[in-house]
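The values are calculated or read from the model by the stated rules, or taken from the named source; none is laboratory data. Quantities reported herein were computed from a predicted structural model and do not represent experimental measurements. In this analysis, Cβ positions are derived from the backbone assuming ideal geometry, glycine residues included, and neighbour counts consider all displayed protein chains.
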Amino acid sequence: MDFQLTEDQQMIQAAAREFARNEIAPVAGEYDASGQFPTETIRKAGELGFMGVEVPAEYGGAGLDPVAYALMIEEIAAADAAHSTIVSVNNSLYCHGILEFGTEDQKQRFVVPVASGRAIGCYGLTEPQSGSDAANMRTRAVLSADGSHYVLNGKKSWITSGPVADYMVMFAMTDPDAKAKGVTAFVLDCHQPGFIRGKTEPKLGIRASATCEIEFEDYKVPVENRLGADGQGFAVAMTVLDSGRIGIAAQAVGIARAAYEASLDYARERKAFGSAIGSFQMIQQKLADMKCRLEAARLLTLQAAWNKQRCRRTGERNTLFGSMAKLTASETAMFCAHAAVQIHGGMGYSKEMPIERYFRDAKITEIYEGTSEIQRMVIARTETGLR
Ligand code: CAA
C-alpha cells in the first residue's frame with residue numbers, strides 16, 4: 001500500500017496550507033465574532049482554484065481528484081471551519097451534482113461561474129419539517145400547461161450560503177404520492193423573482209458561513225434547468241451527499257488537527273506544580289487519544305476520497321465509505337475539541353484563544369449532511385442489507 005501523495009496532491013495541500021495560514025487564520029476570529037460572510041477571502045479562494053477542485057478545467061475548475069479536494073478542505077478547516085463550510089458546499093453539494101447529472105448546457109451555465117469562484121452555489125434539500133427524513137419534503141414543483149417551466153412553491157431551511165448564493169441545486173416534489181420517487185432536482189438562478197431569502201440564522205458555530213431559509217413563491221424554473229430526469233431527484237440528492245460527506249469528514253479532521261496542535265503547544269509551555277503540564281499522565285492520555293483518533297479519522301477520510309475515484313470507474317456507490325468517514329471524523333473533531341478545552345483550562349473557555357471556537361465549530365459536523373445517527377443507520381443498512 002502506497003501512502004505517498006501525488007505531486008498535484010502535494011501542491012494543492014501546500015497552497016491551501018499557505019493560504020489558510022496567511023489569509024484565513026488572521027481574520028477567522030473577527031468573522032466568527034461578527035458573523036459576516038467572508039466575501040474577500042472566499043473571492044481569493046476562488047482565484048486559487050479552491051472553489052472547484054474536482055471540476056474539470058473546461059468547466060472552470062482545477063481538474064484535480066477527490067484526495068486533493070479532501071487535503072485542501074482539511075487545510076482550510078484547520079484555520080477556520082466556517083470558510084471550509086462555504087468552500088465545501090460550493091465544491092461538493094453544488095458543483096458535484098451538476099457535473100454528475102447535468103447536461104453540457106447546464107455545466108456551462110451553472111458550473112463554470114461557480115467553480116471559478118465568480119459566483120456562489122448552494123444546496124436546498126432540508127425543509128422545516130424534513131431534516132433527517134429528507135424524502136418527506138413539501139416544496140412543490142408543478143409543470144406549466146405548455147410544458148415550458150415548473151412553478152415552485154414551498155420553503156427550504158438551513159441553507160448554507162443561502163443569503164449570498166447566486167445559484168442553487170434544489171429538490172422539490174413533482175409527484176407527492178410517489179414519495180422519494182416523486183422528487184425532482186433543479187438548478188435555480190437565485191436572483192429571479194419568487195426566490196425569497198429569510199433572515200440569516202444566528203448559530204453556535206461556523207458563524208461566518210451564512211445560513212438562512214429560502215421561500216419560493218411562484219418561482220418559475222425553465223424545464224431546461226431540471227437536473228436529471230423527473231422523479232430522479234432523491235437519487236441525485238443522495239449521490240451528492242455521498243460525496244459531500246467526504247468534505248465534511250475532511251473539515252472535521254481539520255478542526256480536530258487544529259485542536260490537537262494547539263493542545264500540544266500548550267502542554268509543552270504551560271507549567272503547573274513546577275512542571276510542563278504535558279509531563280502529567282492525565283494530559284498525556286488526552287494527547288495520545290487525540291493523536292490516534294485524528295490519524296485514524298484522516299486515514300478513513302482519505303480512503304473514502306480515494307474510493308470515490310475508484311467508484312467513478314466501476315459505477316459503484318461510495319455510500320459506505322462516505323458515511324464511515326463522516327461519522328468517525330466528526331466524532332473525532334468533537335472529542336479533540338472537548339479535550340483541547342480541558343487541557344487549556346480557563347484559556348480554553350476564553351475568547352482570547354480560538355479553542356472555544358473549535359469546540360463550537362466541531363459540533364455542526366455531527367449534525368449537517370446527515371447526523372451521526374443517520375450515518376450509523378446508513379452504515380448498518382449497507383452492511384446488513386436490511387431496512
Ligand atoms: N445513492 C443513490 N441512491 C440512493 C442512495 C444513495 N446514496 N441512498 C438511497 N438512494 C435511493 C434508494 O436506492 C431508493 O431508491 P430505490 O427504491 O429505487 O432503491 C431511494 O433513494 C430511497 O431510499 P431510502 O428508502 O433509503 O430512503 P429513506 O427515506 O429511508 O432515507 C436516508 C434514506 C439515508 C435516511 C436519507 O433520507 C438521508 O440521507 N437523510 C439525511 C439527509 C441529510 O443528510 N441532509 C443533509 C442536508 S444537506 C446539508 O446539511 C447542507 C449543508 O448545509 C452543509
Answer from Ala305, Ala267, Ala252, Ala256 - the residue that is part of a helix (DSSP H, G or I), touching a Gly at 6+ places or on another chain (Cβ under 6 Å) and in contact (Cβ under 8 Å) with a residue 60 or more places away in the chain: Ala267
Could you pull out the residue among Glu331, Glu366 that is outside any helix (DSSP H, G or I) and either in contact with a Ser or Thr (Cβ under 7 Å, 6 or more places away or on another chain) or of a type in the set (Ser, Thr, Tyr) (or both)? Glu366
Out of curiosity, is Ser132 within 16 Å of the ligand (Cβ to nearest atom), surrounded by fewer than 16 Cβ atoms within 10 Å (Cβ to Cβ), under 23 Å from Ile246 (Cα atoms) and outside the structural domain of Gly247 (by TED's automatic domain parsing)? yes
Quick test of your reading of the structure: Gln284 fulfils all but one of (1) among the polar types (S, T, N, Q); (2) within 16 Å of the ligand (Cβ to nearest atom); (3) loosely packed, with under 14 Cβ neighbours inside 10 Å. Name the failing condition by number. (2)
Listed by range, helices (runs of 4 or more DSSP H) wholly within segment 71-132 having at least 2 residues that are out of contact with any strand residue (DSSP E or B) (no Cβ under 8 Å at 6 or more places or on another chain), at pLDDT 95 or above and over 22 Å from Phe234 (Cα atoms) are 81-88, 112-115
Would a scan of segment 224-234 turn up a residue that is within 16 Å of the ligand (Cβ to nearest atom) and among the basic types (Lys, Arg)? no
For segment 330-374: of the residues being among the hydroxyl-bearing types (Ser, Thr, Tyr) and farther than 20 Å from Ser84 by Cα, which is surrounded by the fewest Cβ atoms within 10 Å (Cβ to Cβ)? Ser350
Among (1) touching a residue at least 40 places away in the same chain (Cβ under 8 Å); (2) farther than 18 Å from Ile159 by Cα; (3) assigned to a helix (DSSP H, G or I), the one test that Glu23 misses: (1)
Does Ser275 satisfy being surrounded by 18 or more Cβ atoms within 10 Å (Cβ to Cβ), in the same structural domain as Ile355 (by TED's automatic domain parsing) and of a type in the set (Ser, Thr, Tyr)? no
When segment 34-50 is checked residue by residue, the ones that are part of a helix (DSSP H, G or I), in contact (Cβ under 8 Å) with a residue 60 or more places away in the chain and out of contact with any Ser or Thr (no Cβ under 7 Å at 6 or more places or on another chain) are Ser34, Thr39, Ile42, Arg43, Ala45, Glu47
In segment 57-75, how many are of a type in the set (Phe, Trp, Tyr) and surrounded by 24 or more Cβ atoms within 10 Å (Cβ to Cβ)? 1
Quick check on segment 235-256. Is at least one of its residues over 19 Å from the mean Cα position of the chain (by Cα) and either within 14 Å of the ligand (Cβ to nearest atom) or within 28 Å of Ala78 (Cα to Cα) (or both)? no
Considering only strands (runs of 3 or more DSSP E) wholly within segment 179-247, the ones with at least 3 residues that are modelled with pLDDT of 95 or more, in contact with a helix residue (DSSP H, G or I) (Cβ under 9 Å, 6 or more places away or on another chain) and not acidic (Asp, Glu) are 183-189
If we keep just the residues of segment 159-194 that are within 11 Å of the ligand (Cβ to nearest atom), aliphatic (A, V, I, L, M) and more than 14 Å from Tyr123 (Cα to Cα), which is surrounded by the fewest Cβ atoms within 10 Å (Cβ to Cβ)? Ala178
Somewhere in segment 13-23, is a residue surrounded by 12 or more Cβ atoms within 10 Å (Cβ to Cβ) and farther than 25 Å from Leu299 by Cβ? yes
Which numbered condition Leu152 fails, given (1) out of contact with any strand residue (DSSP E or B) (no Cβ under 8 Å at 6 or more places or on another chain); (2) more than 11 Å from the ligand (Cβ to nearest atom): (1)
